[in-house]
1. So how many residues does segment 98-114 have that are surrounded by 22 or more Cβ atoms within 10 Å (Cβ to Cβ), within 22 Å of the chain's Cα centre (by Cα) and under 23 Å from residue 174 (Cβ atoms)?
2. I'd like to check something: does segment 533-540 contain any residue that is part of a helix (DSSP H, G or I), closer than 30 Å to residue 466 by Cβ and in contact with a strand residue (DSSP E or B) (Cβ under 8 Å, 6 or more places away or on another chain)?
3. Could you identify the single residue in 433, 413, 421 that is over 26 Å from residue 680 (Cβ atoms) and outside any helix (DSSP H, G or I)?
4. Being surrounded by fewer than 20 Cβ atoms within 10 Å (Cβ to Cβ), in contact with a strand residue (DSSP E or B) (Cβ under 7 Å, 6 or more places away or on another chain) and either more than 20 Å from residue 552 (Cα to Cα) or without any contact (Cβ under 8 Å) to a residue 12 or more places away in the chain (or both) is true for just one of 501, 484. Which residue is that?
5. In segment 510-527, what count of residues is obtained for those that are crowded, with 16+ Cβ neighbours inside 10 Å, under 58 Å from the mean Cα position of the chain (by Cα) and in contact (Cβ under 8 Å) with a residue 40 or more places away in the chain?
6. Considering segment 313-336 alone, what residues qualify as being closer than 22 Å to residue 11 by Cα, assigned to a strand (DSSP E or B) and out of contact with any helix residue (DSSP H, G or I) (no Cβ under 7 Å at 6 or more places or on another chain)?
7. For residues that are surrounded by 16 or more Cβ atoms within 10 Å (Cβ to Cβ) and farther than 23 Å from residue 483 by Cβ, tally how many sit in segment 543-582.
């Protein structure tokens, strides 16, 4: 556990900045680093020079696409900040980061209409018992009252929102605030510390009411404070701050602060709240399951492949990590730390050691993966890891230059080390390499990174759907193969019955040969020939739900062979199946959509517009104001499904799916699928 310093403060602490895209997290990080002197000049996303968006992919898109770490000092205490992407497509980065931090600042805009965008992250933080603040950014652009905003935001937060500051308004704009714990008023000074003023008369009544509401919420978890309020005793300021710290650390409340990161307003008050109220690494270590007997324990929250090799960004939960130390892996084996670095964006500063609470980048831990636990000097059990999000979007990929095929597996492996939400699969039936992720932007960003870092350009297209085909009517067919080319010839002759099976019945081969017209040793060859044919039926797709019965045939004592009867079977199937009224089958999935309840009707429309069949919906367990919609949806309609869901719900909805059954597909859609298959062949 981190020791408190001699001035009564804490050891190094780590704070994550999270929130919806556009809320201003990267701008807030830039403001924090400028105020604390870690940088000498503030950058901006529009000028492509912020610490949080240093990668080319982030600057090209004017948005964060991976987490960025930065270290700084404020009033003699050491902080590490992790700026997390706001786009839902890069949520995995946030999930990897928050498990290792002491507190989270959720950055939000002062817009009640965007409240539901905060709910998924606030719910996760509450469930994981991670202390978190809510920072209402851009208050200089606020249009309504803070009271109305909190009324809209509270349903999105499982824990009580405790307003810490009341805005001061002048001519329709927020010009400062009253700190409810300090009972002091401050007027903003752009890019400078706020100035202390007397509490304005027109704010006094509002401040008094808001302060009492804050104390009431704190008193819900403090009997002594409740007694003081009931007795009209003014609680001491130290007691109020002690309650704020304790109840934050225990995950009972969510303190709410306001400001404008762009103008550096309210950021110093946020830093002071973090300095005085943010718990130290000991609580995070206990939450993660670090055992009392463990020595040095750390956990990797991010993997980075760069020009200088592999870096593993890790939070030290306990002990001292020195450069060159041998670390035992929770997955087995050992690795040696080859270089320790403090990060400020992409800037690396070499350091000799890191202690409990520090966020440190470690060089050349070649086998170590994101989420893995490391320890010295002995092995340790794995700590809790972040959930890995299920895939929501797919792209088939191939090297643009055939000579780069050998580089593909290595490049994708490194890409997946950097981003565990990336998946990769070789689909045997379509002969495609498929990359899966959280959305179109997510995968296109990954491909851009692959080209930049690994020199590998990839071509992409939507993956082919796993169509099947079957038959509607039975037929009896002879298959005869005879070839004479000098010496032994080839002869195989069979008669088969081809019949449809019930849907899901699979393939059946039945032997009804009597009298030895086909010798027993050739029966398996007939079945093999039939099975070989089933890989591609008359429509061009694998055949399912078919029964084939061998009923007759003939042989030659010299020219018959296994190969001849296999070929006879293939001929019989080829000629017979085309007459069996073949029909295309498409895979149907069971889809579950998690959506805010006020968007459920819109989600239903999207599903039916994709030829989906609604199965019903229920309230989402543990999520007030949310529903789970269930439906059957054709697999071919899922490619852009996540894009439409997010568009309809401000990015809040998500879905999962699994294969359920095959269903007949006819008409123009079937014709298009068959034509596309023919072109691909």
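1. Qualifying residue count, segment 98-114: 4.
2. Our first condition is that a residue be part of a helix (DSSP H, G or I); within segment 533-540, this holds for 533.
Checking which are closer than 30 Å to residue 466 by Cβ leaves us with 533.
Cutting the leftovers down to in contact with a strand residue (DSSP E or B) (Cβ under 8 Å, 6 or more places away or on another chain) gives us 533.
Yes - at least one qualifying residue is present in segment 533-540.
3. Numbers: 433 fails: over 26 Å from residue 680 (Cβ atoms); 413 fails: outside any helix (DSSP H, G or I).
Within the list 433, 413, 421, the selection yields 421.
4. On the way: 484 fails: in contact with a strand residue (DSSP E or B) (Cβ under 7 Å, 6 or more places away or on another chain).
That would be 501, the only listed residue that is surrounded by fewer than 20 Cβ atoms within 10 Å (Cβ to Cβ), in contact with a strand residue (DSSP E or B) (Cβ under 7 Å, 6 or more places away or on another chain) and either more than 20 Å from residue 552 (Cα to Cα) or without any contact (Cβ under 8 Å) to a residue 12 or more places away in the chain (or both).
5. Of the residues in segment 510-527, the ones crowded, with 16+ Cβ neighbours inside 10 Å are 513, 518, 522-523, 525-527.
Filter once more, so that each one left must be under 58 Å from the mean Cα position of the chain (by Cα): 513, 522-523, 525-527.
If we keep only those that are in contact (Cβ under 8 Å) with a residue 40 or more places away in the chain too, we end up with 513, 522, 525-527.
So the count comes out to 5.
6. 313, 314, 315, 316, 320, 321, 322 - these are the residues of segment 313-336 that are closer than 22 Å to residue 11 by Cα, assigned to a strand (DSSP E or B) and out of contact with any helix residue (DSSP H, G or I) (no Cβ under 7 Å at 6 or more places or on another chain).
7. Going residue by residue through segment 543-582, those that are surrounded by 16 or more Cβ atoms within 10 Å (Cβ to Cβ) are 543-553, 555, 559-561, 564-573, 576-577, 580, 582.
Checking which are farther than 23 Å from residue 483 by Cβ leaves us with 543-549, 551, 580, 582.
Number satisfying all stated conditions: 10.
Conditions (1) surrounded by fewer than 22 Cβ atoms within 10 Å (Cβ to Cβ); (2) under 30 Å from residue 282 (Cβ atoms); (3) at pLDDT 95 or above, marked per residue:
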residue: 362; (1), (2), (3): no, yes, yes
residue: 378; (1), (2), (3): yes, yes, no
residue: 383; (1), (2), (3): no, yes, yes
residue: 392; (1), (2), (3): no, no, yes
residue: 428; (1), (2), (3): yes, no, no
residue: 448; (1), (2), (3): yes, no, yes
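The values are calculated or read from the model by the stated rules, or taken from the named source; none is laboratory data. Please read these numbers as outputs of a predicted model, since none were measured by experiment. No Cβ is skipped: glycine too gets one built from the backbone with ideal geometry, and neighbour counts run over all protein chains shown.
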